[in-house]
Every structure is written in structure tokens, then in C-alpha cells.
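What follows is a set of notes on a single structure, which appears directly below.
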Amino acid sequence: MLRLLGVSTVETKPRCNRCWCWFGSGDTGLRASKKGFGVLVLEKGKLPRYKCCAGGVASKAAKLLDFDISEVGEDVIYELSFTFNFDSPYLGQHSQPLLYTVMRDVFDYFLVMRAQ
């Protein structure tokens, strides 16, 4: 069961006796709904809505979803540079994607539409 306030309400017979209230329409609420939990998503405004924060989906997280996110991805990252206290950076490179960048308004709305 997924209930989304502000966009539409989709009610189905609950598949379990536990429900969750989730603030924001990110991927964790989607995964909970796919696992059979009832999920109520509380979003600040009607979706899709612009969010000033950037979005990055790790490739391991993307693999946990049961669908492809490439249609809403902005870019694919194969190299990352990490530093701590401005010490010498660690460069991570891989032949497979490490991270997918997304616009949060597009990505979150995509997740909600997939969950319904």
C-alpha cells in the first residue's frame, strides 16, 4: 500500500500488519513498499517539485532496485576522488559505474510513480 499526500492516493489491501510513515519520497520508502510494507509518504509539496540538493545513487544501491534508473540519470561516474583534511587524495576508478547522478525532483517523482 502506498499513500502519497499531495499527488494522489493509491489504496490497496495491506499485505502485512505493519505500516510506515516516510518523510520525503526517496528510495527507502519505495523499497519498503516493494517489500510489502504499507508506506505513507509525506512530501513538502506536490510532486514533482524542485529540490536544491544534488542526487547521487551508488551503483550498489541502484542494483537493489528492480528496475533501471538510466532514463532519469543525468550522468554516470566512473572515477571518484576522496580527500580527508586536504591530505593526498585517493582516486577510485572502475570500469563499471560507481555512481549515477540524478536531479532529485525527477528521480523522486520517478520512484513514486514506480511504487504506485
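The values are calculated or read from the model by the stated rules, or taken from the named source; none is laboratory data. These numbers come from a predicted model, not from an experiment. Virtual Cβ from ideal backbone geometry, glycine too; neighbours counted across all protein chains shown.
Some notes on this structure:
- The condition of being at pLDDT below 85, among the acidic types (Asp, Glu) and part of a helix (DSSP H, G or I) holds for only one of 66, 108, that being 108.
- Any pair with Cβ under 6 angstrom, 6 or more apart, that starts in the stretch 44-61 at a residue that is within 15 Å of residue 99 (Cβ to Cβ) and ends at one that is polar (S, T, N, Q): 56/101
- Subset of the stretch 69-85 that is assigned to a strand (DSSP E or B), modelled with pLDDT under 90 and hydrophobic (A, V, I, L, M, F, W, C) - its residue that is surrounded by the fewest Cβ atoms within 10 Å (Cβ to Cβ): 82
- Consider the stretch 86-97 and keep the residues that are among the hydroxyl-bearing types (Ser, Thr, Tyr) and modelled with pLDDT under 90. The one that is nearest to residue 110 (Cα to Cα) is 90.
- Screening residue 55 with (1) part of a helix (DSSP H, G or I); (2) surrounded by 13 or more Cβ atoms within 10 Å (Cβ to Cβ) gives one miss only, at (1).
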